[in-house]
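Asker: Right, I'll just put the structure down here and ask away after.
The values are calculated or read from the model by the stated rules, or taken from the named source; none is laboratory data. Quantities reported herein were computed from a predicted structural model and do not represent experimental measurements. Cβ placement follows ideal geometry from the backbone for every residue including glycine, while neighbour counts extend to all protein chains displayed. The accessibility values were calculated without ligands, DNA or RNA, using every heavy atom of the protein model including side chains. Shrake-Rupley method; radii C 1.70, N 1.55, O 1.52, S 1.80 Å.
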Amino acid sequence: MSSEMLPAFSETCNVERQQDLSEDGEENQKPGLSERFQPISKRQMKKLMKQKQWEEQRELRKQKRKEKRKRKQLERQCQPELNSDGSDRKRIRRDVVHSPLRLIIDCSFDSLMILKDIKKLHKQIQRCYAENRRALHPVQFYLTSHGGQLKKNMDENDKGWVNWKDIHIKPEHYSEFIQKEDLIYLTSDSPNILKELDESKAYVIGGLVDHNHHKGLTYKQASDHGIDHAQLPLGNFVKMNSRKVLAVNHVFEIILEYLETRDWQEAFFTILPQRKGAVPTDQACESCSCDKKFARVEGGLNSDSSEEENRHELDSPQ
């Protein structure tokens with residue numbers, strides 16, 4: 001090989017070597033079969049199925065929204081709500097009767113909650129406000145000891161709270177403007193069972209979301225302040241799988257429902273969520289007695305069968 005051809009030959013070899021290296025690098029970067037075909041967990045599969053279902057039903061939801069808007073528009077056209085002055089404004093329901101009962105959410109436990117629980121309490125208060133506004137017998141709603149993390153969270157995430165109507169939001173403690181003899185603290189730890197609602201009283205609900213970290217705290221506070229206390233008659237009408245500790249909005253809504261129906265059982269079963277596993281106490285007693293009878297019968301059958309087995313063993317020639 002001539003000296004003139006040597007540089008060209010070496011250059012060609014270098015180019016080929018670089019191509020081989022780049023191809024090897026690309027092959028190394030490609031995911032292997034085991035990486036490409038990793039098994040999907042059941043949870044991931046459910047998420048993918050839900051996502052797919054959500055995407056498939058997008059147009060259907062859009063169509064339903066359109067139909068709902070059209071239906072409401074037709075209803076407004078067919079039944080215009082005119083006031084005496086002829087203006088087209090929403091009519092105030094005449095069947096609403098305001099109750100003199102005062103219902104207080106005590107927000108003095110702000111320092112005992114983390115931000116996550118403060119946000120939950122904020123949502124529960126929003127629910128109470130909305131339900132009281134649409135109730136047939138709305139109560140005199142008070143939010144006391146309002147400040148700290150709760151007020152900050154409401155200022156940041158719900159600035160419209162300053163325009164709320166039919167609610168008394170106060171930074172003071174409820175004991176500063178309501179007489180002690182008018183107060184009744186609602187707490188599940190109280191030994192007193194509430195049978196009737198006295199609409200001349202002010203009932204206090206502890207604004208605390210603590211996941212049972214501070215058991216008996218509301219009962220202790222009521223006792224320390226010398227305030228009467230009681231618990232809703234939940235055990236008289238309802239059998240639950242979990243403890244008899246309800247969320248703030250559930251207690252609030254049960255009282256609103258009772259003011260409308262004057263029936264504790266109906267109020268409980270209208271408001272309590274299904275996850276509580278609530279059943280009427282009479283049905284729970286019947287199921288317990290049936291279970292006991294079944295257990296006795298089953299035990300009797302088992303004992304008979306065991307006696308027969310022993311008898312066969314004794315009679316056998318072995």
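Asker: Once fully extended, how much extra length lies between ARG76 and LEU48, figured as 0.36 nm per residue of separation less the alpha-carbon to alpha-carbon distance?
Answerer: Value of the extension gain: 6.0 nm.
Asker: Then there is this: How much of the accessible area of the range 102-279, probe 1.4 Å, is carbon plus sulfur, in whole percent?
Answerer: Numbers: 3990 of 8810 Å².
Roughly 45 percent, rounded to a whole number.
Asker: Figure the gain on full extension for ASP198 and ASP95 (residue separation times 0.36 nm, minus the Cα-Cα span) and round it to one decimal in nm.
Answerer: The ASP198-ASP95 span can extend by a further 34.9 nm.
Asker: Count the net charge of all other residues whose Cβ sits under 13 Å from the Cβ of GLU257, scoring Lys and Arg as +1 and Asp and Glu as -1.
Answerer: Residues close to GLU257 contribute a combined charge of -3.
Asker: To continue, here is another question. Heavy-atom accessible area per residue, the range 102-279, 1.4 Å probe: how many Å²?
Answerer: On a per-residue basis, 49 Å².
Asker: Once you put a point 7 Å from the Cα of ASP210 and another 7 Å from the Cα of ARG127, both along the Cβ direction, what distance in nm separates them?
Answerer: 2.0
Asker: Right, another one. Report the gain in length on full extension from ASN153 to LYS180: 0.36 nm times residue separation, minus Cα-Cα distance, nm rounded to one decimal.
Answerer: Gain on stretching ASN153 to LYS180: 6.7 nm.
Asker: Kirkwood hydrodynamic radius for the range 102-279: how many Å is it when counted over pairs of different Cα atoms?
Answerer: On the way: mean 1/r = 0.0603 Å⁻¹.
Roughly 16.6 Å, rounded to one decimal.
Asker: Moving on. Checking the cross-link filter: which lysines have an alpha carbon closer than 16 Å to that of LYS239, excluding same-chain neighbours under 8 positions apart?
Answerer: Straight-distance partners of LYS239: LYS276.
Asker: Next question. If r is the Cβ-Cβ distance from VAL245 to LYS66 and R0 is 45 Å, what FRET efficiency results, to the nearest 0.05?
Answerer: 0.55
Asker: Using packing as a proxy for protection, rank 97-103, 162-168 so that the peptide with the highest average count of other Cβ atoms within 10 Å comes first.
Answerer: In descending order of packing, they fall as 97-103, 162-168.
Asker: What fraction of the DSSP beta bridges in the range 102-279 is antiparallel, stated in percent and rounded to the nearest 5?
Answerer: Antiparallel: roughly 5 percent of the beta bridges in the range 102-279.
Asker: Arrange the peptides 46-56, 187-197 so that the one whose residues have, on average, the most other Cβ atoms within 10 Å appears first.
Answerer: Highest mean packing first, the order is 187-197, 46-56.
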